[in-house]
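Since the structure comes first, as structure tokens, the remarks are kept for the end.
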Amino acid sequence: MHVSPSSFTARPGRALEALTSRSSAAVWLLLGALKPPQEWFKLRGIPCLVLGSSGPESGLPSVDADHRAACRHAGGQLRKRGHRSVALIRPELDFGGDVESEEGLREGLGRDAADAAHLHVLKHDGSRDKICSLLDAALRSHKPPTACVVARAAHVLTVMTHLLRRGLRVPEDMAVIARDDEPFLNHLVPEITRYVINGRQFAGTVSKAVRQLAEGGTLPLRAVRLMPEYQRGGSL
């Protein structure tokens, strides 16, 4: 396991060159890598598998949750419950899964302009202050959201506690859906409605792909997407 923040920059070539030169590996697993490192591995023909969503232009095989389908389902659940203004809280960097999440949520909220729910896309830098300021601005808008879909489980904590600070109740005043799951969400009250990936299925899919890459050197250039399970909590 290599932790290399410099490999996730806009120009990761030097760091990746040093990393791959000193570490012999039959297969590299790229955890949530952005476009520049993906392109670097693709250009050099180094066997790799993206754990996350690879960009369509990278042509690299990847394994990830089906965020588009999950968020499409979330949008449908919110519309069914009468929500007509929704906030998507996501990182500002365009990881493939976050782009797909936004597309899926728009589909679930409706494409018909006359009937579709309004979507606030709040792109943040990962900081607590930025998330809070963006949410405050959305709540002051002419169509304030009555529901939040939050990418990345850690940011659910920021959203929930900020809503509490503003005196907004969940779910009475604001529904909250987490796109992702982490064990600590089990300790929040109310329990968070979220999408849970089957860890055993994910690990098995990755292991099979890694063996095929290591033994054969190639994989079909396709994206494997695993549908998470919808776990209804008390936040919707």
Q) Yes or no: His155 in contact with a helix residue (DSSP H, G or I) (Cβ under 8 Å, 6 or more places away or on another chain) and either loosely packed, with under 14 Cβ neighbours inside 10 Å or under 22 Å from Gly75 (Cβ atoms) (or both)? A) yes
(Q) Given the condition surrounded by 12 or more Cβ atoms within 10 Å (Cβ to Cβ) and in contact with a helix residue (DSSP H, G or I) (Cβ under 6 Å, 6 or more places away or on another chain), answer yes or no: does some residue in segment 196-218 qualify? (A) no
Q.
Condition check: open to solvent by 40 Å² or more (accessible area, probe 1.4 Å), within 23 Å of Gly76 (Cβ to Cβ), touching a residue at least 60 places away in the same chain (Cβ under 8 Å) and of a type in the set (A, V, I, L, M, F, W, C). Does Ile177 satisfy that?
A. no
Q: Report whether or not Leu157 is closer than 24 Å to Phe95 by Cβ and either modelled with pLDDT of 95 or more or not aromatic (Phe, Trp, Tyr) (or both).
A: yes
**Q.** Residues of segment 7-63 satisfying the condition of being loosely packed, with under 13 Cβ neighbours inside 10 Å and in a loop (DSSP other than H, G, I, E, B)
**A.** Ala10, Arg11, Ser23, Ser24, Ala26, Gly45, Pro56, Glu57, Gly59
Q) Out of (1) of a type in the set (A, V, I, L, M); (2) under 14 Å from Arg152 (Cα atoms); (3) at pLDDT 95 or above, the odd one out for Ala69 is which? A) (2)
Q. List, please: which pairs have Cβ atoms under 9 Å, are six or more places apart or on different chains, and start with a residue in segment 190-208 that is assigned to a strand (DSSP E or B) and end with one that is surrounded by 14 or more Cβ atoms within 10 Å (Cβ to Cβ) and among the polar types (S, T, N, Q)?
A. Thr193/Gln77; Thr193/Gln231; Thr193/Ser235; Arg194/Gln231; Arg194/Ser235; Tyr195/Gln231; Val196/Gln231
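Assigned to a helix (DSSP H, G or I), aliphatic (A, V, I, L, M) and more than 19 Å from Asp98 (Cα to Cα) - does that describe any residue in segment 150-160? Working first, answer last.
Keep residues of segment 150-160 that are assigned to a helix (DSSP H, G or I), which gives 153-160.
Within this subset, residues satisfying the condition of being aliphatic (A, V, I, L, M) are 153-154, 156-157, 159-160.
Filter once more, so that each one left must be more than 19 Å from Asp98 (Cα to Cα): 160.
The answer is yes, given that some residue of segment 150-160 is assigned to a helix (DSSP H, G or I), aliphatic (A, V, I, L, M) and more than 19 Å from Asp98 (Cα to Cα).
Quick grid of which residues meet (1) surrounded by 17 or more Cβ atoms within 10 Å (Cβ to Cβ); (2) under 26 Å from Ala69 (Cα atoms):
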site: Ser141; (1), (2): no, no
site: Ala151; (1), (2): yes, yes
site: Asp181; (1), (2): yes, yes
site: Asn186; (1), (2): no, yes
site: Pro190; (1), (2): no, yes
**Q.** Selection count where residues are under 10 Å from the mean Cα position of the chain (by Cα) and open to solvent by less than 20 Å² (accessible area, probe 1.4 Å), scope segment 97-119
**A.** 3
(Q) It is to be established whether one or more residues within segment 152-168 are touching a Ser or Thr at 6+ places or on another chain (Cβ under 9 Å) and without any contact (Cβ under 8 Å) to a residue 24 or more places away in the chain. (A) no
Q) For segment 76-132, how many residues are outside any loop (DSSP other than H, G, I, E, B), more than 18 Å from Ala153 (Cβ to Cβ), hydrophobic (A, V, I, L, M, F, W, C) and in contact with a strand residue (DSSP E or B) (Cβ under 7 Å, 6 or more places away or on another chain)? A) 5
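The values are calculated or read from the model by the stated rules, or taken from the named source; none is laboratory data. What you see is a predicted model; the values in this text were computed from it and never measured. All Cβ positions, glycine included, derive from the backbone under ideal geometry; neighbour counts span all protein chains shown. What goes into the accessible areas is simple: the full protein's heavy atoms, side chains included, and nothing from ligands, DNA or RNA. Shrake-Rupley method; radii C 1.70, N 1.55, O 1.52, S 1.80 Å.
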